[in-house]
Amino acid sequence: MSFVKVRGLGKQYAPDGPKAVDDLSFDIREGEIFSLLGPNGAGKTTTISIISTLLPPTAGEAFVGGHSVQREPMAVRRLIGVVPQELALYNDLSARENLRFWGEMRGLGGEQLKREIEEKLALTDLTERAKDRVSTFSGGMKRRLNLAIGLLGNPALVILDEPTVAIDPQSRRYILDWVKGMNAKGTTVLYTTHYMEEAQELSHRIGIMDHGKLIALGTLAELTQLVGEHETLILRLQEEGGEALAAALGDARGVTQASSTDGEVVLNVASAEEVLPIALRRATDLGLTIRTVEIREPNLETVFLHLTGRALRD
Amino acid sequence: MRKLRVLALKEVRLAFRDVGAILTMLATPLALTLAIAAAFGGGGSAPIADIPVLVLNQDAGEMSSTLVEALLSDQLADLLEPEVVTDEAAARARVEADQVAALVVIPPDFSARLLPMGGTELRVESEGAPFQLTAAQMQAWASNPQDGDTEESPAVVEIYASPQWRISAAVVKAVVAEVLERMHLVVRGVGSTVGRLILAGGMDITNQEQLLQVGQSIGEQLVLGAGNGEALLRLEVVSTRRAFSWLDYSAASMAILFLMFSATSGGRTLLIEREGGTLPRLLVSPTPAVTILVGKMAGVALTGILQVMILWGASSLIGAYWGEPLAVVVTIVALVLAATGVGALIAAWAKSPQQAGAIGTAVTLVAAALSGSFFPRMNLPVWVRQVSLLTPNAWGIELFADLQAGDALVNVLPMLGGLLLLTVAYYVVALIGFRRQFE
């Protein structure tokens, strides 16, 4: 059963401006982790801003738990918890005071709120620092508290907007494990990210966005089938010249797509074994030295490259 | 209501945890109050002195000159700072501009009305027709001067007073009245003495010149107290209204100034929360936007009330007087609501926290300068005082000036009503701006 329904959603910030979200339609099933994957500027944050009732759409509609985000915003807000990308915390309040305040804003109170606060402090390993001001916390601790606030009241749908940006690997691991644990208890999750690995690890289904549009939707297996048996061949160069090499290999036999980014040449190939010698020869012809070679099985990076002609990190 | 309370208390907690804010809200205004009071003098009542007063003598007679001399005398030198003028229009303009406390206008018929026998001829007007007294009539008048006094209306001296110099003008009026009373008694005394001299045969009633010389001589001695060492006036000023005090004035004006800083800064925090992410998080919580906004401003107002209450208490400990406690509390609440309205208005129309901060600082400082935060408001030009009534500062300074002078709450209710109207106007404009921002 669909818990979230999005139909023809659109958002234009200025009447003659570009569409940040363009004719978006998808469902999120109850109890699943659904990821929106795409590069910066793809429209992921705008999409979840509309679903969380922060922004009104300029086209289409969205429903959460059967309630329209436009006509029944309060009903929608009671069902959702939002973990924003920015750290939305009061630095001069303690961790406990932050949780108490945001819990009150969710309508919690009394013993229920006290229990919630202690539970979330324990889950985030912040119990010992509960009385300390947030301004004294590390970045990872702030991220955990930011997450805990979004989970107050155990909402039916948790929306996380790129929660692992600019944090250390340990904190990232913590958040990913927590999302999986929360989902195991039945919480529906809408997760946005530009990290392919996170989407692959967490998601039951993934929607790939680019320039405001949903360009692919499905499970990981369904999405990788879009690119067939193609592999990704990644060449890392000793020096500048990646673009020239990518251009030289663009029409090589067995190469379906070639692009260059950050000193890497990324090739979508039918067989890495057949294309590699050709790539080495062309690099030598251009006076370039290949430092490392990596061969990847089809993944979301490949899918994105196949669909857009660009790497996910572009 | 619960969420409103939670939002408001959050603001208060955040405000009082900020060390820099505490310095701005409390320590700095107290320090400035002490500095200003120390520089200009005075806790408690200051003596009334050097009251600027203009004197316009339209009369050519001796009695008016005597009145002028009395006002210019050494006995009144500490109390009055008189200036003799000739241009009536200019003098009245100076009073209206509150440059002087009052204008004393001695009318053209002052001497004639005060001393009907003035001039080279004894003349008394009765029923509009002049006649000369017969010897018998003079005899009768000498026995009882009041019978010969057929003047129907007294000498009228006009005191044209400035409303901003209420106490000083009252003192001038009292002084002039006292001098006139003395002069009237002297005139009666002279008349009686001269009459008795005539009756006793010591003076020739037909010798007008002699009569005048003797009369003047007696009068001068009586009026000026020459030869007997008596001072013309022993003036004891008793005022039921508290005199101006720099400590009182600066305690209130500094509190108002720094309240404005706090209120405009508090409004700015709404924009900071918008950029920082806490406002969007609030807006996606099951809390109506109007509750969020009202709760935020209620918190700013509550912080302002606490701030001014603390300043009231602290300055009172060092001798500052703010007025009747109930009236002070009501005034503080009204003033804080108005200041918060200014903060909300700026936040509603500014594009960023930085812009709101710059505008808030500019508005606060300009309002303070126009309203008389740093020097007595009464010294400012009239047009400046009128323009400044667009700001809470001016209303607050006026209100506290009245309360400190001794007015009760009921006396300042009209002014509180005016402040309330201004507050409503602030919030209406702010609401229009917020709707633009958040819709």
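The values are calculated or read from the model by the stated rules, or taken from the named source; none is laboratory data. This structure is a prediction, so every number in the text was calculated from the model and none was measured. No Cβ is skipped: glycine too gets one built from the backbone with ideal geometry, and neighbour counts run over all protein chains shown.
Name the strands (runs of 3 or more DSSP E) wholly inside segment A:208-286 in which the number of residues that are polar (S, T, N, Q), surrounded by 14 or more Cβ atoms within 10 Å (Cβ to Cβ) and out of contact with any Phe, Trp or Tyr (no Cβ under 7 Å at 6 or more places or on another chain) is 1 or more.
By residue number, A:231-237, A:255-261, A:264-269.
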Within segment A:187-203, can one find any residue that is of a type in the set (A, V, I, L, M), touching a residue at least 60 places away in the same chain (Cβ under 8 Å), away from chain B (no Cβ under 14 Å) and under 22 Å from residue A:108 (Cα atoms)?
-> yes
Can we say residue A:147 is in a loop (DSSP other than H, G, I, E, B) and either in contact with an Asp or Glu (Cβ under 7 Å, 6 or more places away or on another chain) or touching a residue at least 60 places away in the same chain (Cβ under 8 Å) (or both)?
-> no
For segment A:52-87 the number of residues that are among the hydroxyl-bearing types (Ser, Thr, Tyr) and within 11 Å of another protein chain (Cβ to nearest Cβ) is 2
Within segment B:364-383, tally of residues that are surrounded by fewer than 18 Cβ atoms within 10 Å (Cβ to Cβ) and at pLDDT 90 or above | 3
Report, by residue number, each residue of segment A:88-99 that is within 8 Å of chain B (Cβ to nearest Cβ), in contact (Cβ under 8 Å) with a residue 24 or more places away in the chain and charged (D, E, K, R).
-> A:92
Which residues, counting only those in segment B:69-87, are farther than 15 Å from residue B:168 by Cα and crowded, with 19+ Cβ neighbours inside 10 Å?
-> B:70
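Determine, yes or no, whether residue A:236 is at pLDDT 90 or above and within 21 Å of residue A:257 (Cα to Cα).
Spelling it out, residue A:236 is indeed at pLDDT 90 or above and within 21 Å of residue A:257 (Cα to Cα).
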Matching residues in segment B:350-363 - criterion: being surrounded by 15 or more Cβ atoms within 10 Å (Cβ to Cβ), among the aliphatic types (A, V, I, L, M) and part of a helix (DSSP H, G or I) | B:356, B:359, B:363
Working only within segment A:127-137, note down all residues that are within 14 Å of chain B (Cβ to nearest Cβ) and either under 25 Å from residue B:288 (Cβ atoms) or of a type in the set (Lys, Arg) (or both).
-> A:131, A:133
In segment A:107-126, what residues are at the interface with chain B (Cβ under 9 Å from one of its Cβ atoms) and within 20 Å of residue B:13 (Cα to Cα)?
-> A:109
Six or more apart or on different chains, Cβ under 6 Å: which pairs go from a residue in segment B:1-23 that's closer than 15 Å to residue B:267 by Cα and more than 10 Å from chain A (Cβ to nearest Cβ) to one that's surrounded by 15 or more Cβ atoms within 10 Å (Cβ to Cβ) and among the hydroxyl-bearing types (Ser, Thr, Tyr)? Could you list them?
-> B:12/B:303
Quickly run through segment A:287-314 and pick out the residues that are of a type outside the set (Asp, Glu) and assigned to a strand (DSSP E or B).
-> A:290, A:291, A:292, A:293, A:295, A:296
Regarding residue A:252, is this residue aliphatic (A, V, I, L, M) and at pLDDT below 90?
-> yes
Under the condition of being under 17 Å from the mean Cα position of the chain (by Cα) and under 12 Å from residue B:318 (Cβ atoms), which residue from segment B:246-259 is modelled with the lowest pLDDT?
-> B:247
Test set (1) over 30 Å from the mean Cα position of the chain (by Cα); (2) on the phi > 0 side of the Ramachandran plot - residue A:280 fails condition number | (2)
Residue pairs meeting the criteria (Cβ under 6 Å; at least 6 apart or on separate chains; first assigned by TED's automatic domain parsing to the domain that holds residue A:177, in segment A:100-125; second of a type in the set (Ser, Thr, Tyr) and assigned to a helix (DSSP H, G or I)) = A:121/A:127
With the condition kept exactly as written, say whether any residue in segment B:408-417 is modelled with pLDDT of 90 or more and in contact with a Gly (Cβ under 8 Å, 6 or more places away or on another chain).
-> no
Residue that is in the same structural domain as residue B:379 (by TED's automatic domain parsing), at pLDDT below 95 and in a loop (DSSP other than H, G, I, E, B), where the choices are B:319, B:266 | B:319
Identify, by number, the condition in (1) among the small types (Gly, Ala, Ser); (2) within 25 Å of residue A:191 (Cα to Cα); (3) within 12 Å of chain B (Cβ to nearest Cβ) that residue A:140 doesn't meet.
-> (3)
Of the listed residues (B:335, B:271, B:326), the one being assigned to a helix (DSSP H, G or I), within 25 Å of residue A:135 (Cα to Cα), more than 14 Å from chain A (Cβ to nearest Cβ) and not charged (D, E, K, R) is B:271
Checked B:287, B:303, B:291 against criteria (within 14 Å of chain A (Cβ to nearest Cβ), touching a Lys or Arg at 6+ places or on another chain (Cβ under 8 Å) and part of a helix (DSSP H, G or I)); the one match is B:291
Going through segment B:407-423 in order, the residues found to be loosely packed, with under 15 Cβ neighbours inside 10 Å and touching a residue at least 60 places away in the same chain (Cβ under 8 Å) are B:408, B:420
When both residues are 6+ apart or on different chains and their Cβ atoms are under 6 Å apart, which pairs have a first residue that lies in segment B:165-176 and is of a type in the set (A, V, I, L, M), and a second that is at pLDDT below 85 and assigned to a helix (DSSP H, G or I)?
-> none
Within segment B:375-404, count every residue that is within 26 Å of residue B:324 (Cβ to Cβ) and touching a helix residue (DSSP H, G or I) at 6+ places or on another chain (Cβ under 8 Å).
-> 20
Mind counting the residues in segment A:83-106 that are surrounded by fewer than 16 Cβ atoms within 10 Å (Cβ to Cβ) and under 16 Å from residue A:152 (Cβ atoms)?
-> 0
Strands (runs of 3 or more DSSP E) wholly inside segment A:3-111 that include at least 2 residues being touching a Gly at 6+ places or on another chain (Cβ under 6 Å) | A:19-29, A:59-64, A:80-83
Flagged pairs (Cβ under 6 angstrom, 6 or more apart or on separate chains; first in segment A:158-170, assigned by TED's automatic domain parsing to the domain that holds residue A:187; second surrounded by 22 or more Cβ atoms within 10 Å (Cβ to Cβ) and assigned to a loop (DSSP other than H, G, I, E, B)) are A:159/A:52; A:161/A:84
